[in-house]
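Before any comments, here is the structure.
The values are calculated or read from the model by the stated rules, or taken from the named source; none is laboratory data. These figures come from a predicted structure and were not determined experimentally. Cβ placement follows ideal geometry from the backbone for every residue including glycine, while neighbour counts extend to all protein chains displayed. Remember, those area values only see protein heavy atoms, side chains included, never the ligands or the DNA or RNA. Shrake-Rupley method; radii C 1.70, N 1.55, O 1.52, S 1.80 Å.
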Amino acid sequence: MSRPLVPPTPPARLSLRVELFILTHSEAGEPLAHRPSLSIGLAGAILASLVVPVERVRLVGGSAATVVDRQPTGDSVADWALAGLAGHRSPLSVQDALRQIATEAYERTAADMVGGGLVTETSRRRLFGRTVAYPPANSAIIPRVRGRLRYVMQGIEQADPQTDILAGLIRALGLESEMYLDAVGNDLRAQMRQMLNRAAAEYPAMKEIVKAVEALVAEAALAVYR
């Protein structure tokens, strides 16, 4: 007797910071931007995850990050960030909250992904020391995450806030040209701005977070040349 075909269970959606980490690294696991900028972008993803879908942090007046729920999320990286923000007696500005989270955002995200079997850690000797890369354990993960972004941009798949916020963070990092999205359209930055605006229509705090990320990334870029 033949068994009825059972459609495969779709893979669970990765967190926003993990999707951002995957898209901001090459197939060899090397960062596509300098680490300070990526740390800021990841901090933005972590902060966004504390605002939606379950509000642990609220942006009061669009400018102050206030912890309104200290209950752990069950996500070790998000809970670390939440505890850090909750340790302040007064609310931090969005930029200061991002600066604080960015101090360890990259290292903690990478370690969490290594522990979860999503990436492996490799070390290579270079002329001026060693570099660390995080190639994916499964090479299919990059086209899967990038494909979701592409399909939403093309209108093939239904839009969702996480993908729209992801597009906004990639735009803030200036990495849209690295996403192999040429078939989507010419003005990727404009389209990614529209996606962020769509998410912000439901969650206004997202635009404030991404705006702060963009400002801090520009600040970090200038610091390289000082």
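Do the conditions hold for residue 33, that is, is it open to solvent by less than 10 Å² (accessible area, probe 1.4 Å), touching a residue at least 40 places away in the same chain (Cβ under 8 Å) and closer than 22 Å to residue 214 by Cβ?
Criteria not met by residue 33.
Residue by residue, here is whether (1) open to solvent by less than 60 Å² (accessible area, probe 1.4 Å); (2) more than 18 Å from residue 16 (Cα to Cα); (3) among the aromatic types (Phe, Trp, Tyr); (4) not in a helix (DSSP H, G or I) holds:
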{"position": "117", "(1), (2), (3), (4)": "yes, no, no, yes"}
{"position": "123", "(1), (2), (3), (4)": "no, yes, no, yes"}
{"position": "142", "(1), (2), (3), (4)": "yes, no, no, no"}
{"position": "145", "(1), (2), (3), (4)": "yes, no, no, no"}
{"position": "149", "(1), (2), (3), (4)": "yes, no, no, no"}
{"position": "153", "(1), (2), (3), (4)": "yes, no, no, no"}
{"position": "156", "(1), (2), (3), (4)": "no, yes, no, yes"}
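Whether any residue in region 179-193 is without any contact (Cβ under 8 Å) to a residue 12 or more places away in the chain, of a type in the set (Val, Ile, Thr) and in a loop (DSSP other than H, G, I, E, B) is what I want to check.
no
Would you check if residue 208 is at pLDDT 90 or above, outside any helix (DSSP H, G or I) and either open to solvent by 70 Å² or more (accessible area, probe 1.4 Å) or not small (Gly, Ala, Ser) (or both)?
Considered against the rule, which asks whether it is at pLDDT 90 or above, outside any helix (DSSP H, G or I) and either open to solvent by 70 Å² or more (accessible area, probe 1.4 Å) or not small (Gly, Ala, Ser) (or both), residue 208 comes out as no.
Taking the stated definitions as given, is residue 49 at pLDDT 95 or above, among the polar types (S, T, N, Q) and surrounded by 14 or more Cβ atoms within 10 Å (Cβ to Cβ)?
Yes, satisfied.
Is it the case that region 69-82 has a residue that's assigned to a helix (DSSP H, G or I), open to solvent by 70 Å² or more (accessible area, probe 1.4 Å) and over 21 Å from residue 207 (Cα atoms)?
yes
Can you name the residue in region 194-205 that is touching a residue at least 24 places away in the same chain (Cβ under 8 Å), in contact with a helix residue (DSSP H, G or I) (Cβ under 7 Å, 6 or more places away or on another chain) and under 25 Å from residue 66 (Cβ atoms) and is also surrounded by the fewest Cβ atoms within 10 Å (Cβ to Cβ) among such residues?
202
If you check 85, 20, which single one turns out to be in a helix (DSSP H, G or I), without any contact (Cβ under 8 Å) to a residue 40 or more places away in the chain and crowded, with 19+ Cβ neighbours inside 10 Å?
So the residue among 85, 20 that is in a helix (DSSP H, G or I), without any contact (Cβ under 8 Å) to a residue 40 or more places away in the chain and crowded, with 19+ Cβ neighbours inside 10 Å is 85.
Collect the residues in region 211-226 that are modelled with pLDDT under 95 and open to solvent by 30 Å² or more (accessible area, probe 1.4 Å), keeping them in residue-number order.
Passing the criteria: 218, 219, 221, 222, 223, 224, 225, 226.
So residue 109 passes all but one of these: (1) out of contact with any helix residue (DSSP H, G or I) (no Cβ under 7 Å at 6 or more places or on another chain); (2) open to solvent by less than 70 Å² (accessible area, probe 1.4 Å); (3) of a type outside the set (Lys, Arg). Which condition number does it fail?
(1)
Collect the residues in region 125-140 that are assigned to a loop (DSSP other than H, G, I, E, B), in contact (Cβ under 8 Å) with a residue 60 or more places away in the chain and open to solvent by less than 70 Å² (accessible area, probe 1.4 Å), keeping them in residue-number order.
134, 135
Restricting to region 170-191, name every residue that is among the hydrophobic types (A, V, I, L, M, F, W, C) and modelled with pLDDT under 95. Explain how you work it out, then say what you get.
First pass over region 170-191, keeping only residues among the hydrophobic types (A, V, I, L, M, F, W, C): 170, 172-173, 175, 179, 181, 183-184, 188, 190.
175, 179, 181, 183, 184, 188, 190, listed by residue number.
Return the only residue of 120, 103, 131 being at pLDDT below 95, among the polar types (S, T, N, Q) and farther than 30 Å from residue 191 by Cα.
Within the list 120, 103, 131, the selection yields 131.
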